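The values are calculated or read from the model by the stated rules, or taken from the named source; none is laboratory data. No experiment lies behind these values; they were computed from the predicted model shown. Heavy atoms of the whole protein, side chains included, go into the accessibility calculation; ligands, DNA and RNA do not. Shrake-Rupley method; radii C 1.70, N 1.55, O 1.52, S 1.80 Å.
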Amino acid sequence: ICHTTWLVGFPGETKENMQETFRFVKEIAPSTFNFGMLDPIPDTAVYNEARMNGTLVGEWGVHSISKPFAKNREWGSRDELRIALKKGVRSLYFDYRFLFQSFKLFLLTMNFRLLRYGLGLIYNKYW
């Protein structure tokens, strides 16, 4: 079993970069994978650069409703990035090779917890 984790939404990242990442994940065919969006955390290079360039949207704080976002020329909002990410991840989850590999792994291990987790992840996170 091989699990991979990926982050998208870096400053300067393009839609083509994101598609290249999805193609690479398909190519290496991990057993499971997870994608997340970059959260610029205070006093990190990404946060400081975004703040200095005026591309930081939002701020961390006890009264903050949502997480900050470092916008770029491809994604002007966190929602635009989230939509692109969902579309790409959906294409990975519903690729016949991933489905076959996941079903085969389930049959070999009969791990119902893993099956329930996977179905819940697809239903809750990517619909």
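Sum up the lysine pairs in the chain that clear both bars: alpha-carbon distance under 26 Å and a spacing of 8 or more or different chains. Number of lysine pairs found: 21.
Taken along its principal axes, the alpha carbon cloud of the chain reaches lengths of 52, 33, 24 Å, longest axis first.
Of all accessible surface on the chain at a 1.4 Å probe, what whole percent is carbon and sulfur?
Details: 5150 of 8550 Å².
Carbon plus sulfur share of accessible area: 60 percent.
Of all DSSP-defined beta bridges confined to the range 1-114, some 25% are antiparallel rather than parallel.
The translational diffusion coefficient of the range 1-47, from Stokes-Einstein at 25 °C and 0.890 mPa s with a Kirkwood hydrodynamic radius over alpha carbon pairs, comes to 206 µm²/s. Accessible surface area normalised per residue over the chain is 67 Å², counting heavy atoms of protein chains with a 1.4 Å rolling probe.
In order along the range 49-66, the phi-based Karplus estimate (6.51 cos²θ - 1.76 cosθ + 1.60, θ = phi - 60°) of 3J(HN,Hα) comes to 5, 5, 5, 5, 7, x, 9, 7, 10, x, 8, 6, x, 5, 9, 6, 8, 10 Hz; Gly and Pro are listed as x.
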